[in-house]
Amino acid sequence: MIYQFNDFIPVIHETAFIHPQATVTGNVIIGQNVYVGPGAALRGDWGQIIIEDGCNVQENCTIHMFPGVTVLLKEGAHIGHGAIIH
């Protein structure tokens, strides 16, 4: 599911795959050929998430941040099943 938060709407490259059971909210930018698995939660509600090209965010991962902080996954990063990045 893709959700707007305040005035932020996620920007997702057309080649990225977001599983229908994943949640992408707010200030999130997803690059080319990114995989986001089922149960993943990318919460760009209090800061920004940038996921560069070729990243792999596996099942049940959570990405969130403290207010005003940006989380950056560099090109080709792999985040394992159930990981939490905060």
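The values are calculated or read from the model by the stated rules, or taken from the named source; none is laboratory data. Keep in mind that this is a model prediction, so the values were computed, not measured. Note that each Cβ is placed from the backbone with ideal geometry, even for glycine, and that neighbours are counted across all protein chains shown.
Scanning the range 15-61 for residues that are of a type in the set (Ser, Thr, Tyr) and either closer than 11 Å to Ile2 by Cα or in contact with a helix residue (DSSP H, G or I) (Cβ under 8 Å, 6 or more places away or on another chain) (or both) yields Thr23, Thr25. Summed over the range 57-72, residues that are among the hydroxyl-bearing types (Ser, Thr, Tyr) and more than 10 Å from the chain's Cα centre (by Cα) total 1. Among the listed residues Gly44, Gly54, which satisfies the condition of being on the phi > 0 side of the Ramachandran plot and either of a type in the set (Gly, Ala, Ser) or within 12 Å of the chain's Cα centre (by Cα) (or both)? The unique qualifying residue is Gly54.
Close Cβ contacts (under 6 Å, 6 or more residues apart or on different chains) running from residues in the range 23-36 that are closer than 17 Å to Val69 by Cα to residues that are of a type in the set (Asp, Glu) comprise Thr25/Asp45; Gly26/Asp45.
Checked against the criterion of being out of contact with any strand residue (DSSP E or B) (no Cβ under 9 Å at 6 or more places or on another chain) and either of a type in the set (Lys, Arg) or at pLDDT 95 or above (or both), the candidates Glu52, Glu59 yield just one match: Glu59.
The residues of the range 47-84 that are surrounded by 15 or more Cβ atoms within 10 Å (Cβ to Cβ) and either in contact (Cβ under 8 Å) with a residue 60 or more places away in the chain or not in a loop (DSSP other than H, G, I, E, B) (or both), listed by number, are Gly47, Gln48, Ile49, Ile50, Ile51, Asn56, Val57, Thr62, Ile63, Val71, Leu73, Ile79. From the list Thr25, Thr15, which residue is of a type in the set (Ser, Thr, Tyr) and in a loop (DSSP other than H, G, I, E, B)? On inspection, the qualifying residue turns out to be Thr15.
Residues that are under 15 Å from Gly54 (Cβ atoms) and either touching a Phe, Trp or Tyr at 6+ places or on another chain (Cβ under 7 Å) or surrounded by 15 or more Cβ atoms within 10 Å (Cβ to Cβ) (or both) within the range 1-16 comprise Ile12, Ala16, listed in sequence order. Residue-level check: of (1) free of Cβ contacts under 8 Å to residues at least 12 places away in the same chain; (2) in contact with a strand residue (DSSP E or B) (Cβ under 6 Å, 6 or more places away or on another chain), Ile12 misses just (1). Select from the range 17-46 the residues that are surrounded by fewer than 18 Cβ atoms within 10 Å (Cβ to Cβ) and of a type in the set (Gly, Ala, Ser) and list them in ascending order. Within the range 17-46, Gly39, Ala41 meet the criteria.
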